[in-house]
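Any read-out appearing in this document is the output of simple, stated calculations on the displayed coordinates, not a laboratory observation. Model, not experiment: these values are computed from the prediction. As a convention, Cβ positions derive from the backbone with ideal geometry for all residues, glycine included, and neighbour counts pool all protein chains shown.
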Amino acid sequence: MTQLVAASLIWALALCLLPGIRLRADHSILVAAVTIASALTLNIDPVYMAGDSLLGHRNVLDLIANILMVVGIYFLSRAILRAADSREPSAQPDHFGLAVLVLVIIGLIASFATVSAPYSSTSFMKDFGDQWSAAIYSAVQIGYIGVVVGITGYTCFRFRGDMFRPYFRIAFTLIGIGCSLAIVVVLAVLGMDVLHLQGDLPGMNALSLVYDSAVVGAMAFLCAGLALPPTARRISRRREAKTEAALVDMLSDVWEKTTDAKREVRLLPNGNIEYQRDSARWRLHRMLVEIQDALLLEPMLLSVLDDRDHHVLDSVEAHLATPPSWKEDRMGHHYVEGGKEVT
């Protein structure tokens, strides 16, 4: 049941990220969400039994799920660290992190190969965790996850105050809480492994309750934190689009008054404007430039503008001076490369 709830939360996050897939250049969080959700889905009992039966009833699916989990955690951590810390390079390959990830995967494969697991089990560590090789297999995975989420959570709490927009600060707080709960999961797993080796099954069962609660809590907070920025940006974009459409209508009167004598340099009709993601904003900018050019060439045109017209011009200038939500990063600076989002 725990795996089903956790997988559902992560798949919901992936669906939340899909609408903005064409606007982002970096899809690390989406890749991480799909990878982690796949790992959790493979651990759902009916899915696991059906899949492992196809692989010879040797619990190879457990190894595959664990490899997917560490890969997903790596991509998730990299994406969060890049978004939280401006010193993190956005395009430079993470050679050290990838090398550690490869070593962890090799360690998982090597330790799994020495575990005696002759039949499919939906409770791998409960059934085979009394073997030292199984304990090492579990420790390699959960130890890596613990270190990665620990660094990620610390970074989130450290830099959350530097976020430009309130929803980023809230998001990184939620992610930090999720990482803290993930540490509880790590400690619970390590504790259960030690207790299993000592034969203390009651103690192991008691820790399993902590594990189940912490897993669901960690996934809930992580998903909420990761889903908040793209959701808030979509809401902001819709609000900005409505504002810009209204400003275009308001600015049209001023534009008509000032550029009527120079129709040859006017904004092209709507039907001839090449499609752009921010066409309303582009129209505002183009109209304002044409108005300013007209006033520069013929200062006498100022006399035809009343107070309302000047107020409209000031409103448009103020709106265009503020970067749109999809062009602002955590510190309020542009982070667009080639018209696409970097984070």
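Results, tabulated for the structure shown:
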item	result
Ratio Rg/Rh, restricted to segment 161-257 and using Cα atoms, in which Rh is the Kirkwood radius	1.42
Asp94 versus Asp314: modelled label distance in nm, points set 7 Å from Cα along the beta carbon direction	4.8
Modelled FRET efficiency - R0 22 Å, Asp307 with Lys257, Cβ distances, 0.05 increments	0.95
For Glu244, Glu317, order by how many other beta-carbon atoms lie within 10 Å, fewest first	Glu317, Glu244
Radius of gyration and maximum dimension Dmax of segment 2-236, Cα, Å	18.0, 56
Potential lengthening between Tyr167 and Arg238 on full extension [0.36 nm per residue; Cα-Cα distance subtracted]	23.9 nm
Vicinal HN-Hα couplings computed from phi for segment 197-208 (Karplus, 6.51 cos²θ - 1.76 cosθ + 1.60; Hz; Gly/Pro x)	4, 7, x, 8, 5, x, x, 5, 5, 5, 5, 5
J(HN,Hα) series, segment 165-172, from Karplus relation 6.51 cos²θ - 1.76 cosθ + 1.60, nearest Hz, glycine and proline x	9, x, 5, 5, 5, 5, 4, 6
Calculated over segment 85-217: convex hull of Cα atoms, volume per residue (Å³)	127
In Hz, Karplus ³J(HN,Hα) per residue of segment 151-160 (6.51, -1.76, 1.60; θ = phi - 60°; x = Gly, Pro)	4, 5, x, 4, 5, 4, 5, 5, 9, 4
